[in-house]
1. Starting from the Cα of Lys562, draw a straight line to each of the aspartates and glutamates and keep only those under 14 Å, dropping any in the same chain fewer than 8 residues away.
2. Enter the accessible area per residue of the range 247-305 (Å², integer; probe 1.4 Å; all protein chains in place).
3. Take every DSSP beta bridge with both residues inside the range 144-304 and express the antiparallel ones as a percent of the total, to the nearest 5.
4. Report the extension gain between Asp323 and Gln560 in nm, rounded to one decimal, defined as 0.36 nm multiplied by the number of residues separating them, less their alpha carbon distance.
5. Going by a ≥ b ≥ c, the root eigenvalues of the Cα gyration tensor, does the range 148-276 fall in the rounded group (a/c under 1.5), the prolate group (a/b larger than b/c) or the oblate group?
6. Among Met456, Val75, Pro10, pick out the residue whose Cα is farthest towards the positive end of the charge dipole of the chain, where Lys and Arg carry +1 and Asp and Glu carry -1 on C-beta, about the Cα centre.
7. Step through the residues of the range 309-315 one at a time and calculate ³J(HN,Hα) from phi using the Karplus curve (6.51 cos²θ - 1.76 cosθ + 1.60, θ = phi - 60°), rounding each to whole Hz and writing x for Gly and Pro.
8. What size of dipole, in debye to the nearest 20, comes out for the range 24-176 about its Cα centre when the only charges are +1 on Lys and Arg C-beta atoms and -1 on Asp and Glu C-beta atoms?
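The values are calculated or read from the model by the stated rules, or taken from the named source; none is laboratory data. As the structure is a prediction and not an experimental result, all values here were calculated from the model. Glycine gets a Cβ as well: all are built from the backbone with ideal geometry, and neighbour counts include every protein chain shown. SASA here: full protein model, heavy atoms, side chains in, ligands and nucleic acids out. Shrake-Rupley method; radii C 1.70, N 1.55, O 1.52, S 1.80 Å.
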Amino acid sequence: MAVDSILSSPLGPPACEKDAKALQFIEEMTRNADSVQEHVLAEILTRNAETEYLKGFNLDGAADRETFKSKVPIVTYEDLQPLIQRIANGDRSPILSSHPVSEFLTSSGTSAGERKLMPTIKEELDRRQLLYSLLMPVMNLYVKGLDKGKGLYFLFIKSETKTPGGLLARPVLTSYYKSDHFKTRPYDPYNVYTSPNEAILCPDSFQSMYTQMLCGLYQREQVLRVGAVFASGLLRAIRFLQLNWQQLTDDIRTGSLNPKVTDKAIRECMTRIVRPDPELADFIAKECSTEHWEGIITRIWPNTKYLDVIVTGAMAQYIPTLDYYSGGLPKACTMYASSECYFGLNLNPMCRPSEVSYTIMPNMAYFEFLPHEPKSTGPTRGSTPRLVDLADVEIGKEYELVITTYAGLCRYRVGDILRVTGFHNLAPQFQFVRRKNVLLSIDSDKTDEAELQAAMENASKLLSKFNTSVVEYTSYADTKTIPGHYVIYWELLTKDSSNSPSNQVLDQCCLAMEESLNSVYRQCRVADNSIGPLEIRVVRNGTFEELMDYAISRGASINQYKVPRCVSFTPIMELLDSRVVSTHFSPSLPQWSPERRR
Ligand code: AMP
């Protein structure tokens, strides 16, 4: 039903009445971005006026921007950590929020090696749900007929823990998938998934993935879009198919379900889906048994119109591999969100990845923007640099995102650097530039320079009894393998060549580095299998000097030259790789357990 007549939208003719309302809402929010923001701040300050945190700044009931900006400092997670810890320990008094903290969302950002805990309140689920509800109405403007088929989405929950005070701590998506908002969502012909809830909600990642893949294969003709949250997740699914297609096709041929899938709820719901289909099994076996997997996604799911995965930010490194497996299908980056707050959506989701801009929805939180000057370290607590409001940012400029949320984060630095690319009505649109201080990232892990340095130091202790030291090092996120893995280049100085470290010792160095990396990295390695074993490539003596010569030949100043702690530029990689004398991998998994909670 074309419904231009129902409520037409400047974004385009909506596909149905529900879409018309959603598009209308986007119009209203973006036309009134500044007044919505003013209202959001007033609402947050009024309702949280009696919190311990806000009372400390003597706002005296003021809820206006000026007072807020002059009295409340800009903070980082570390500033709030003692308060957050009290909440985690069971203090139920209104510390940050007047509404009770319902749970903690565990961010992939870390503090002192552990996941950050973001307090949230019940009603935030409604806000997240609202943002989700805007995505398909926008997509329907660009891709027609999505109500004629299904989405094959690989969605997973992760393990959850309890804080000492008994509150749940889990990733935001786990919280969302387990909520009634998701589990009992009303039927929407434009948003039907091939994966049953039972598969998505199974905590065992093998059983969950196996079932989701099996359902996707059975319904291959109906699949119109293939997705995961991040690009790395979709590639993991492809790798899973590579490793498990024989078992999957056996199941399809005979209409049975792999006995490794033991989850009762899955087994029960799959009785309605599995059936013997030898023809389908033969087809999939034929496609998967060839050596070349180029275009495998469109060969198996021939009606796929686009991939729904985030390929902005750190995920951009996966674009070539996704293109290889999908024959260059469009990659839709639909939204920009975090554990702290969901921010906004892409109003032109079929654009090229390099052109993706997210429109921040002004009703989600109060947003401020710290002009980003790459060399400055930024403000410290107590100082009050001039932050720019959402409606006042300037096209072409870069800012760090600072948020004030209903759950009680006030002027909190998210750590994302964004560039303004334009406006939709009066709401700015932002390109995601990068996350501050992230050196290496494969999946949801984020490793900064200090963490890498500490890991290096720990590992190199194993070398001291061989009179050997690491003179220089750098790193590289190798995403050519699936899963990707960290590569660390080492140049060693061995004082006594008759007692140099053995291969076994260097393998142990890989593991020692992994043991020192943060808990998100170790979880990806151990529980999610989304990062492969860390690799050390020992390069011959003098390699880092050659690296410096190369940088200087390209214009770097000799005085200011610093060894880059992470590299990705092809000529530098080629230089390093051509000097490798030995390679070493972690021989086992590092320690990780979901219970580790301070
Ligand atoms: P988390 O705290 O684990 O939920 O991670 C949130 C972070 O992931 C954000 O602050 C961004 O750095 C990154 N992120 C989320 N969505 C996007 C996106 N669409 N493009 C690039 N980076 C994103």
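1. Candidates past the 8-residue exclusion: Glu449, Glu472, Glu545, Glu546, Asp549.
2. So the range 247-305 comes to 55 Å² accessible per residue, rounded to a whole number.
3. Restricted to the range 144-304, the bridges split so that about 25 percent are antiparallel.
4. Result: 81.4 nm gained on full extension.
5. prolate
6. So the residue we want is Met456.
7. Ordered by residue, 3J(HN,Hα) equals 8, 7, 10, 9, x, 4, 6 Hz.
8. Around 660 debye, computed over the range 24-176.
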